[in-house]
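One structure is given here, and the rest of the page talks about it.
The values are calculated or read from the model by the stated rules, or taken from the named source; none is laboratory data. Everything numeric here is computed off the predicted structure, so don't read it as measured data. Please note: Cβ atoms are built from the backbone with ideal geometry, for glycine as well, and neighbour counts cover all protein chains shown.
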Amino acid sequence: MNVIIMGCGRLGSRIAGILDRQGHHVTVIDASEAAFRRLGDGFGGDRVVGNGMDASTLERAGIESADAFMAITQGDNRNYFSSQMAHEVYGVKRVLCRVYDPVREEIFRDLGLETFSPTSYGAQIMVDMLMHEPARR
Amino acid sequence: MYILIAGGGKVGYHLAEELLNENNEVLVIERDAGRAAQIRDELSGNVLTGDSCEATTLDLAGVSRADLVAAVTGDDEDNLVICDIARYRGVGRTIARINNPRNELLFRKRGIETTISATQAVLAQIEKELPTQLMIPLLQLHNGLELVEIKLPETSPVAGRSVREVLLPAESLISLIVDPGGVPRMPSGDTRLNAGDALVVVSRKESLDMLREQLIGSTHGLDT
């Protein structure tokens, strides 16, 4: 699978590493070259420096032949914008969008995107942890 | 009309001022508290401090009863989110200011009715003043149609032909011909096109390059 990941932060770089090891072709976009250090030496995919909301950057990253696009920058609105661009303009089949704000996440999901909110997901998991026996270390 | 304006910068402020003068009910939503206070003084109220990208802020502003939402912040991504949430809340008409012309397609695909690009407006203004410019954008109409003026050069491939013989892109129409003497004529199929004529043409935005090629021909970078 050709996968484009926008945002090479902790989550983005981790996902990139996992998919790369599984044998997928991964292209990571980040505005800062320094962010690619998180990928480590063994990463075999492509790195594109640029703004992922810019059509020309997306095209440089090969959006026209991408099977999946994952928007994982720090900005909910940026992630939404690029996800819609990938979906509406470039017709990418799978588009996954990280949204911190749970309210916006629900709306974006209703508007047709596959969304993931670490906030609501994390909250649920931590409440579950609290209600169960402490994990042994 | 109840009009919500997201973003209290220069565009938002002047828009609000105009719309208030026309006796509309207007509310400006501005994130920066200092700027919001300034607008409150100058527009005597009519401002809400908050982030218009948050659905809760839009709800507080009564978005669901708004007739129109104008998203005029300086960030295209914010304007898209604001318009999409407003439409999700049932607003019939949303207008977004776009800053990067390449984003226009996305807004159109999202059903955001009208987009205003400051960049494009400035560009059109500049192009109007360039004498070598053979195709001048005049007006953006609804539904992706655009009105342009095309001046036929000596080398035009259609000079000497009648309107009927000219193959135009789909949904394009020569609506007016002004001859070099400044006399306007409504074209018919038999009207002959001459070098020096100015043609007012309605066309689809995406057909403009083709239109240019068919009426002006190759211009060797004179007016790209």
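Observations, loosely collected:
- Hits in region B:4-51 - residues which are surrounded by 15 or more Cβ atoms within 10 Å (Cβ to Cβ) and among the hydroxyl-bearing types (S, T, Y): B:Y13, B:T49
- Residues within region B:52-72 that are among the β-branched types (V, I, T) and either at the interface with chain A (Cβ under 10 Å from one of its Cβ atoms) or surrounded by fewer than 24 Cβ atoms within 10 Å (Cβ to Cβ) (or both), tallied: 2
- Within the option set B:R89, B:R110, being farther than 24 Å from A:A55 by Cα, in contact with an Asp or Glu (Cβ under 8 Å, 6 or more places away or on another chain), within 11 Å of another protein chain (Cβ to nearest Cβ) and at pLDDT 90 or above holds for one residue only, B:R89.
- Of all the listed residues (B:R102, B:R97), the sole one being more than 7 Å from chain A (Cβ to nearest Cβ) and either more than 17 Å from A:I107 (Cα to Cα) or not in a loop (DSSP other than H, G, I, E, B) (or both) is B:R97.
- Looking across region A:25-78, the residues that are over 20 Å from A:T115 (Cβ atoms), surrounded by fewer than 18 Cβ atoms within 10 Å (Cβ to Cβ) and in contact (Cβ under 8 Å) with a residue 40 or more places away in the chain come down to A:G62, A:S65.
- Unique match (being away from chain B (no Cβ under 13 Å) and either in contact with a Lys or Arg (Cβ under 9 Å, 6 or more places away or on another chain) or not acidic (D, E) (or both)) among A:G52, A:G91, A:G75, A:G45: A:G45
- One residue stands out among those in region B:141-164 that are over 25 Å from the mean Cα position of the chain (by Cα) and free of Cβ contacts under 8 Å to residues at least 60 places away in the same chain: the one that is farthest from B:F107 (Cα to Cα), which is B:G160.
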